[in-house]
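See structure below.
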Amino acid sequence: MKIEKISVTVFKIKSKKVNDTDGHTHPGPEHDSEEAMLTITTDDGHSGHAFGSPESLRPYVIDNFVKKVFIDQDPMDREKLWINLAKWQRGSGASLTDRTMAVAEMALWDLVGRSLDVPVWKLLGGYREKVPAYGSTMCGDEMAGGLATPADYGNFAEWMVNRGYKAIKLHTWMPPVSWAPSVKMDIQACAAVREAVGSDFPLMLDANHWYSRIDALELGRGIQDLGYYWYEEPMDEHSTESYRWLAENLDIPIIGPEYAYGKFHTRAEWIASKACDISRVGVADVGGIGPSMKIAHLAESFNMDCEIHGGGAGNLAVLGAISNARWYERGLLHPFIDYDEIPSHLNSIIDPMDEDGNIPMPTRPGLGEDINFGYIAENVTSAY
Ligand code: MG
């Protein structure tokens, strides 16, 4: 089996989400947007697919890096292909990102899974049939009835509990919200949610990511007193020493890093430096499923949980194959967004949640995406 063809299909989708000036996602008016599907095909007719942004799969990066490394190679040799692709990052002038690598590597996994008729989480070494989800809110906003006040967070938490979620993570207010960031308001929102869900319910906080040490410590003490379960990314993560200092000064578990560059090397540094109590990895953040598994096993070797950043097929596959993560991050959720709505390019969502708050592992081969190829073919905006 040899990789013969790599192609990208960019297609039109409808979106009800908009980004603010700092890049955070909020509900917005329905508008046209685009999504891209990377397809890898072998000489014996097998295919694998993975989705990404058109920007991350633009012709330049596909032609100069992904095709150069993958064409004529055996898709079973995922470790070799991933390492050879990762080496190109240094000389790519920052063009080849971890996100592009993740989509390319996920398409390889999907191809192999489909060719063997096995779900990827089983290929990785199956550990569980389902995983509990936590409801992960969008960042705070200034919309009436949205996530504009501590009471809004409390009301929405009540809705999430009724929907079946067994844990909740808040993203609170960040600029460009006019008065944000505010440690005091963050603590009030966390208190309102604690009040709404009761004392035993697991709650987590992911606040403004650019607090100073003193602000991060004040906020950490506030949510520690409210019995929160983990504290995520209150400062720039590229300062490992700041997190070591924070972890030393708080009892609440510190989780991270999430977005800091450096893949497994950075996670190892954080663990060795005692900068975190729980490790963190997302498939899109570290270049794919393979490096995510390395990080989960690294953390396991230190008797440390490794919680997974974000949802989607790749992250779900990792969760199906590791023992040291407790939750699937389901979101981002908002009172104005119907998370269960099926996107046009899929026939069903990858992460339906039952009334007990569990996500079943996919049974379809490969990554398990239920792709509506007909919709994609009818809505192509460019293909290469
Ligand atoms: Mg986060």
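Among 300-308, 201-209, the peptide with the highest mean count of other Cβ atoms within 10 Å heads the list, and the full ranking is 201-209, 300-308. When each full DSSP H helix of the chain is screened for a Cα extent of at least 24 Å along its own axis and an average Kyte-Doolittle hydropathy of at least -1.0, the helices passing are 98-116.
What does the extension gain come out to for Arg58 and Asp22, with contour length at 0.36 nm per residue minus their alpha carbon separation? Kindly include the intermediate steps, with their values, before the conclusion.
Working: separation 36, 0.36 × 36 = 12.96 nm, distance 2.32 nm.
Extra length available between Arg58 and Asp22 comes to 10.6 nm.
In plain terms, the chain from Ser47 to Tyr384 could stretch by 119.7 nm, reckoned as 0.36 nm per residue minus the Cα-Cα distance. Inter-label distance, Gln224 to Ala94: 3.6 nm, where each label sits 7 Å from its Cα along the C-beta direction. Which aspartates and glutamates, if any, have their Cα less than 12 Å from the Cα of Lys169, not counting same-chain residues under 8 positions apart? Filter leaves Asp206, Glu232, Glu329.
Quick one: length gained pulling Glu34 to Glu129 fully straight, 0.36 nm per residue minus the C-alpha distance? Display every interim value, and only then the final one.
On the way: separation 95, 0.36 × 95 = 34.20 nm, distance 3.28 nm.
Fully extending the segment from Glu34 to Glu129 adds 30.9 nm.
Classify region 299-345 as rounded, prolate or oblate, taking a ≥ b ≥ c as the square roots of the eigenvalues of its Cα gyration tensor: rounded when a/c is under 1.5, otherwise prolate if a/b is larger than b/c and oblate if not. Write out the running numbers ahead of the final one.
Values: a/c = 4.46, a/b = 2.20, b/c = 2.03.
Prolate.
Taking only DSSP H segments of four or more residues, each worth -39500 (n - 2.57), what value at 222 nm results for the chain once the sum is divided by all its residues, to the nearest 500 deg cm²/dmol? List each step's numbers first, then the result.
Values: 13 runs with 134 residues, N = 384.
Only helices count here, giving -10500 deg cm²/dmol.
I need the shape label for region 125-180. Rule: rounded when a/c is under 1.5, else prolate if a/b > b/c, else oblate, with a, b, c from the alpha carbon gyration tensor. Since a/c reaches 1.5 but b/c is at least a/b, the shape of region 125-180 is classed as oblate.
If you plug the beta carbon distance of Ile214 and Arg244 into 1/(1 + (r/R0)^6) with R0 = 22 Å, you get a FRET efficiency near 0.90.
Checking the Cα-Cα distances for Lys184/Lys263; Lys12/Lys87; Lys130/Lys294; Lys12/Lys67 against a 27 Å cut-off, the pairs over it are Lys184/Lys263; Lys12/Lys87. Just so you know, the Cα atoms of region 158-251 work out to an Rg and Dmax of 13.3, 40 Å. A simple packing score, the average count of other Cβ atoms within 10 Å per residue, orders the peptides 70-80, 51-61 as 51-61, 70-80, with the highest score first. Per residue, the average separation of C-alpha pairs within less than 8 Å and at least 6 apart gives the chain a relative contact order of 20 percent. Shape class for region 46-178, computed from the alpha carbon gyration tensor (a ≥ b ≥ c): oblate, with a/c not under 1.5 and a/b at or below b/c.
For the chain, what proportion of DSSP beta bridges, expressed in % and rounded to the nearest 5, is antiparallel?
Details: 29 of 50 bridges.
Antiparallel bridges make up about 60 percent of those DSSP assigns within the chain.
Inverting the pair-averaged 1/r between distinct Cα atoms of the chain gives 21.5 Å as its Kirkwood hydrodynamic radius.
No value in this document is a laboratory result; all are computed from the given coordinates. Fair warning: this is a prediction, and the values are worked out from it, not measured in the lab. We place every Cβ from the backbone using ideal geometry, glycine too, and count neighbours over all the protein chains shown.
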